[in-house]
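Participant: This structure is in structure tokens; I'll ask about it shortly.
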Amino acid sequence: MKRLPRTVVALGVVSLLTDASSEMIIPILPAFLVSLGASGAFVGAVDGVAETTSSLMKLIAGAWADRAARKKPLVLLGYGLASIMRPLVAIAQAPWHVLVIRFTDRIGKGVRTAPRDALIAQATPADRRGAAYGFHRAMDHTGALIGPLIAYVLLAWLPPRAIFALAAIPAAASLVALALFVKEEAAPRPAAPPVAGAARPRLPRRLWAYLAVIVVFTLGNSTDFFLLLRAQDAGIDATLTPLLWSLLHLSKASLSTPLGALSDRVGRRGLLFFGWGVYALVYLGFAAATAPWHIWALFAVYGVYFAATEGVEKALIADLAPPEVRGRAFGVYHFLVGVCALPASIGFGVVWDRVSHGAAFACGAALAGAAALGLALVPGPKRS
């Protein structure tokens, strides 16, 4: 952390507080929706609409970020919108109220994500980007670990509505940290001023090749809800799933920074190949697991995949995209990941239902292996 820019550290704190606020709500939101009279289909629609909206907004906001003179106002707008809307779940009286709140919350997430990632790249030297993005993901996962634990403790004394309202506290703190401590570094000047009416710079082919590989992997990367279902199939009591989930976030948070920093020394593609290989092996492990301890071990190792890839994927985006199109590059990346997540989960579920859970996990492992091999075809970044 001593070698990371202060802006990166501050953005990490902002993400920790924001995720703590969000994860105080998410684990108890489905049951709350049911108590308002929502059907199971509506509960699924709330999350599906929210994430689809977020993916589309990330694409749009990435283009905005490249055109804007400063990126911080977009980041502040996104975090502010989400922080204001999220605690309003406390006063929801009908399921559609929650849908509107989540929809607006995810608009905020979509607005902030690509500009924030571009801001991290702008503030960080190229040889420290892996550490920077790894640190940011570690702080994100730490917030995701803290939030459910806070909600779990508070549920012993308070009703869900009170917890939703209290989620405003870390949300407000995140906005204060963003406004006061995140400093936007001066963007590098273009080699020549843009000509009026000239076409926008295109994303380089090497970046599109990398994004194609990301798509292949994401099509095999289904929702982790299936892992929780597999845990119950293997004999883990449903009451223990929050602890299992916390173990996963603990593994992610503790390893993201060192593995991200390792990519600065050994190369991005090597870490991605390793991480996607771990993913494939873990999925094969879930296919074969027969005892509860197998599941606990697999969840811990599964965190290694996240730590080795989440920050490194973004660092490679920053390496491959020139500064003048970096916001758009992050927007396209987040959009493709979000859009492909839906068919990945639906396809996994179809194979799970019609063939077997083992076949579904084997398909996910195969796509991860194919993506790992495809990395060898992706050209490296241009050297200046």
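Participant: If you scan the range 212-253, which residues turn out to be open to solvent by 30 Å² or more (accessible area, probe 1.4 Å) and over 25 Å from Gly338 (Cα atoms)?
Facilitator: Residues satisfying the conditions are Gln232, Asp233, Gly235, Asp237, Ala238, Thr239, Leu240, Leu243.
Participant: Could you check how many residues of the range 277-299 are under 22 Å from the mean Cα position of the chain (by Cα) and open to solvent by 70 Å² or more (accessible area, probe 1.4 Å)? First the steps, then the outcome.
Facilitator: Filtering the range 277-299 down to residues under 22 Å from the mean Cα position of the chain (by Cα) leaves 277-283, 298-299.
Checking the rest, the ones that are also open to solvent by 70 Å² or more (accessible area, probe 1.4 Å) come to 281.
Residues meeting the conditions: 1.
Participant: List, please: which pairs have Cβ atoms under 9 Å, are six or more places apart or on different chains, and start with a residue in the range 229-249 that is within 18 Å of Phe348 (Cβ to Cβ) and end with one that is open to solvent by 70 Å² or more (accessible area, probe 1.4 Å) and of a type outside the set (A, V, I, L, M)?
Facilitator: Within 9 Å, the pairs are Ala231/Trp296; Ala234/Thr290.
Residue by residue, here is whether (1) touching a residue at least 12 places away in the same chain (Cβ under 8 Å); (2) small (Gly, Ala, Ser); (3) surrounded by 24 or more Cβ atoms within 10 Å (Cβ to Cβ) holds:
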| residue | (1), (2), (3) |
| --- | --- |
| Pro323 | yes, no, no |
| Pro343 | yes, no, no |
| Asp353 | no, no, no |
| Phe361 | yes, no, yes |
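Participant: For the range 86-109, how many residues are open to solvent by 50 Å² or more (accessible area, probe 1.4 Å), farther than 21 Å from Gly147 by Cα and either within 18 Å of the chain's Cα centre (by Cα) or not aliphatic (A, V, I, L, M) (or both)?
Facilitator: Of the residues in the range 86-109, 3 are open to solvent by 50 Å² or more (accessible area, probe 1.4 Å), farther than 21 Å from Gly147 by Cα and either within 18 Å of the chain's Cα centre (by Cα) or not aliphatic (A, V, I, L, M) (or both).
Participant: Return the residue satisfying two criteria in turn: it lies in the range 163-199 and is more than 27 Å from the chain's Cα centre (by Cα) and open to solvent by less than 80 Å² (accessible area, probe 1.4 Å), and of such residues it is modelled with the highest pLDDT.
Facilitator: We begin by selecting, within the range 163-199, every residue more than 27 Å from the chain's Cα centre (by Cα); these are 188-199.
Filter once more, so that each one left must be open to solvent by less than 80 Å² (accessible area, probe 1.4 Å): 192, 198.
Numbers: Ala192: 48, Ala198: 51.
My answer is Ala198.
Participant: Looking only at the range 207-263, which residues are part of a loop (DSSP other than H, G, I, E, B) and over 19 Å from the mean Cα position of the chain (by Cα)? Quick ask: steps written out before the conclusion?
Facilitator: Taking the range 207-263 and keeping what is part of a loop (DSSP other than H, G, I, E, B), we get 219-224, 234-237.
Selection gives Ala234, Gly235, Ile236, Asp237.
The values are calculated or read from the model by the stated rules, or taken from the named source; none is laboratory data. If you're wondering where the values come from, they're calculated on a predicted model, not measured in any experiment. Heads up, the Cβs are rebuilt from the backbone with ideal geometry, glycines too, and the neighbour counts pull from every protein chain shown. The protein model used for the area step is the full one, side chains on, heavy atoms only, and it has no ligands, DNA or RNA in it. Shrake-Rupley method; radii C 1.70, N 1.55, O 1.52, S 1.80 Å.
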